[in-house]
Amino acid sequence: MADLITSAGCAAAAIDGPFHGERVASPLTPAEYQGRMAAEGLGQVLNRMADDWVATCEALTEAGIADRTRQAYFGLSMGTRFGLAAARALGPELKCTVFGKFGTQSIINPGLHAPDRILNDASAITAPVLFHLQWDDEVFPRSGQFELFDAFASPDKELHGFAGGHRSTPEQAPAVWHAFINRHIV
């Protein structure tokens, strides 16, 4: 996605998720990082990640690398989990978001189940939203993904459903995401 975004003349940034990458001494298994997030408290982790995204956007803008008037958020699965809080924190300057493969219900660590927070963050997002749904997602049931999609406050939202499970991504999906982002920020 970064190559597609930058080819349109926009900056792209990625930051490590909680207990991922350079935020930890060595890689953790999903059960380990999920356990650490639950132990810290999911609300606190979400707030910290939102603060990190705001600080990243501000630093890139101040350095002249990015244009705060042309910002979008892209993140699927865990990128949506943390992106909802980040998009809310970025506020009305956010031009669009691409979310998906996430919902109000899941089979992962019960300590990470926070449907009220998810819906609250989504209800504050007014930027255009494209939501990517894997129809047979075994991690985030379809009904919870529909519930999340319905909660977005944006009057401009699109739902794109594709056959397959959570780890499936059709080869045409990145072009759909890219076209949506370009339509709103280029």
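The values are calculated or read from the model by the stated rules, or taken from the named source; none is laboratory data. This structure is a prediction, so every number in the text was calculated from the model and none was measured. Here Cβ is always computed from backbone atoms with ideal geometry, including for glycine, and neighbour counts include all displayed protein chains. Each accessible area value is taken on the protein alone, full model and side chains, heavy atoms only, with ligands, DNA and RNA left out. Shrake-Rupley method; radii C 1.70, N 1.55, O 1.52, S 1.80 Å.
Some notes on this structure:
- Single match in 106, 77, 7, 26 (criterion: among the hydroxyl-bearing types (Ser, Thr, Tyr) and more than 29 Å from residue 160 (Cα to Cα)): 26
- Flag if residue 124 is open to solvent by 20 Å² or more (accessible area, probe 1.4 Å), out of contact with any Asp or Glu (no Cβ under 9 Å at 6 or more places or on another chain), modelled with pLDDT of 95 or more and more than 21 Å from residue 184 (Cβ to Cβ): no
- Check on residue 13, closer than 27 Å to residue 154 by Cα and in a helix (DSSP H, G or I): no
- Residue check for residue 117: open to solvent by 40 Å² or more (accessible area, probe 1.4 Å), closer than 18 Å to residue 45 by Cα and of a type in the set (D, E, K, R): yes
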